[in-house]
């Protein structure tokens, strides 16, 4: 089974054979006895990549901010369809472009910029404690130690000798 699909490898191969023989995604999903949505997504990618849709991608492609913005602007201006832009720029699916459009609408143009990965810099070491904070911590530790020792003495006093 493909890692992100509810279709098994055999179902994906059978669907591609049906697409190539002229069947629509609806007809293919009925013949295979599976849900329409994953077959529809496979069909949209098949229209762009053909039989290569069955091959796993070697690595995740990263697109620059400028290219994302250009594709989104072309799509929103109505110059090109999502499928046309996906085919022209080698996107894995038109859904990727639609995701960028949604991000752009929700968070503005800056939502398309790459996000920093990993832990933020400077988050490793805590800030140095003041002398008063050090004394308070030591006082808390000593109070806990004192309570522990009192409890231990009380327990030892209860034991028969």
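Bear in mind that the values in this text are calculations on the coordinates, not laboratory data. Small disclaimer: the values here were computed from a predicted structure and weren't measured. Positions of Cβ are backbone-derived with ideal geometry, glycine not excepted, and every protein chain shown enters the neighbour counts.
Along its principal axes, the chain has C-alpha extents of 91, 46, 27 angstrom, given from the largest down. Compute the Cα gyration tensor for segment 9-54, then decide on rounded, prolate or oblate, letting a ≥ b ≥ c be the square roots of its eigenvalues: rounded whenever a/c is under 1.5, prolate when a/b is larger than b/c in the other cases, and oblate in all that remain. Here segment 9-54 falls in the rounded category. Each peptide in 135-145, 36-46 was scored by the mean count of other Cβ atoms within 10 Å over its residues; highest first, the order is 36-46, 135-145. Dividing the helix sum by the residues of the chain, where each DSSP H run of 4 or more adds -39500 (n - 2.57), gives a mean residue ellipticity at 222 nm of -19500 deg cm²/dmol.
For segment 9-54, the relative contact order comes to 35 percent (Cα pairs under 8 Å, sequence separation of at least 6).
Extension gain, residue 21-residue 140: 0.36 nm per intervening residue step, less the Cα-Cα distance, totals 35.1 nm.
Sequence gap at least 6, Cα distance under 8 Å: using those rules, report the relative contact order of the chain to the nearest whole percent.
After rounding, I find 13 percent.
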